[in-house]
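Below you'll find the structure, written out as structure tokens, and then a few comments.
The values are calculated or read from the model by the stated rules, or taken from the named source; none is laboratory data. Values in this document were obtained by computation on a predicted structure and should not be read as measured data. Virtual Cβ from ideal backbone geometry, glycine too; neighbours counted across all protein chains shown. These area figures cover heavy atoms from the full protein model, side chains too; ligands, DNA and RNA do not enter into them. Shrake-Rupley method; radii C 1.70, N 1.55, O 1.52, S 1.80 Å.
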Amino acid sequence: MRKFIFRTFLAVCLIGLLSVVAIWTIEFYPRRNSHPPLKLAQGTLAIQHARIYVSPTDAPIADGTVLIRDGVIAEVGPNVVVPAGAQSVPCNGCVVMAGFWNAHVHFTEPKWQFAEWKSAGTLDAQLADMFLSRGFTTAVDLGSNPADTFAIRRRVEQGELRGPYIYTAGTALYPPHGIPFYLRETLPRWVTAIMPQPATPAAAQAIVRRNLASGADLTKLFTGSWVERGHVLPMPLNIVKAAVETSHLNGKVVFAHPSNLAGTQAAIQGGVDVLAHVPDDTKGITPELFTTMVRQNMGMVPTLKMFTTTVTSDPHYMDPMYAEVRLFKADGGTLIFGTDVGYMSDYSTQGEFTALGKCGLAWQDVLAMLTTNPAARMGQSNRKGTIVPGKLADLTILSADPAADLTNFAKVQAVIRSGAVIWQR
């Protein structure tokens, strides 16, 4: 009997130990070295006879050259001398712009799980499909499992994978009892049970500090959460303020998912920096609200195509949201490009550019959304956003000019990141 009890005890201990090892291996080991140093490509690269858009406001260089040396832009202009031995990037009348940002993505699809151990070939194909073939050299993850996001970022930066630079919010924060219905319907119950839903300001501060300490670059709040179809639960204002204050004290920006008027008001009053969506329940949203947002220097990521793809195909459903974007832009608001891919499985960007055109945006506005605006909001204007000597050589090469048609932003020919050609059509 004693031997049986002892063996049972040993078996229980072994199972417990194996469980701890499994959890550590799956969830915590992939989070190591969450911010690997940026590696720059070595050598000289030249793009010749290109139409170059140095910035959204500068006149284009009709027939110019971009010279890249050791991962950094060295020279830009019509009369650049290309040194012997420089690698040439095929152009054929291409259009060169600063590398595009997608400021609203997720790595929550099942194919990203266990990214630490998936083959480079598998992940390279997924990264090319989701980001590189769309022209994105930088992506902002607004809430995913850090074990997957950190593993992908580390492997990209160490040269194992070809992908964009990734900023991440780590895990998003939700209102108390505020997990969105569409997540409850698709995620395992044990996953939704551990998603952060702080009930007090102190709890919110602790979660933000833990997120940032683990390697997160920003904070994402659901200030308005669709807990049921037709019902949005706002995040209590004191919790919003606590999370925002802690993030700002650490020099980090805060994105918010607003959903409706109450969620937008909570974001505004709480001091959030960027709305991650245009409010999709537009009841009570007034021009004065956007004026207040602009006065507080809040940005907005519209994600228009996502609503038509995942909510409804009714063409009139989008009209009030187009009007919101139009009003925000007319007031001088800062718009930032993002698509919500990862939650949305359709990665094509053409529909987003078409929708932005319906909001009355010009190509210069959209180029700013893709380049200078997100770089400024994330504090990276000194390194990214324009094609200027001394900045990182993050470039998107198009086969057609967006000045003629906004959907030409989707006609990507090649992508250069940190001075290396990481994707070509």
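Counting only protein heavy atoms, what percent of the accessible surface of the chain is carbon or sulfur at a 1.4 Å probe? Carbon-and-sulfur percentage of accessible area, whole number: 57. Only Lys, Arg, Asp and Glu carry charge here, each on its Cβ (+1 for the first two, -1 for the last two); on that basis the chain has a dipole of about 1480 debye about its Cα centre. The calculated FRET efficiency for residue 72 paired with residue 295, based on their beta-carbon distance and R0 = 51 Å, is about 0.85. Taking Cα centre as origin and charging only the Cβ of basic (Lys, Arg, +1) and acidic (Asp, Glu, -1) residues, the dipole magnitude of the stretch 86-194 rounds to 60 debye. Among the listed pairs 220/329; 220/283; 252/358; 283/411, a Cα-Cα separation exceeding 27 Å is found for 252/358; 283/411.
Going by average Cβ density within 10 Å per residue, which order do the peptides 57-69, 79-91 take, highest to lowest?
Per-residue Cβ counts within 10 Å, averaged per peptide and sorted highest first, yield 57-69, 79-91.
Taken as Cα centroids, the stretch 46-108 and the stretch 136-194 sit 31 Å apart, rounded to the nearest whole angstrom. Averaged per residue, the stretch 300-425 has 35 square angstrom of accessible surface, using a 1.4 angstrom probe with ligands and nucleic acids left out. Under the shape rule built on the C-alpha gyration tensor, where the axes satisfy a ≥ b ≥ c, the stretch 327-387 is oblate, since a/c reaches at least 1.5 while a/b does not exceed b/c.
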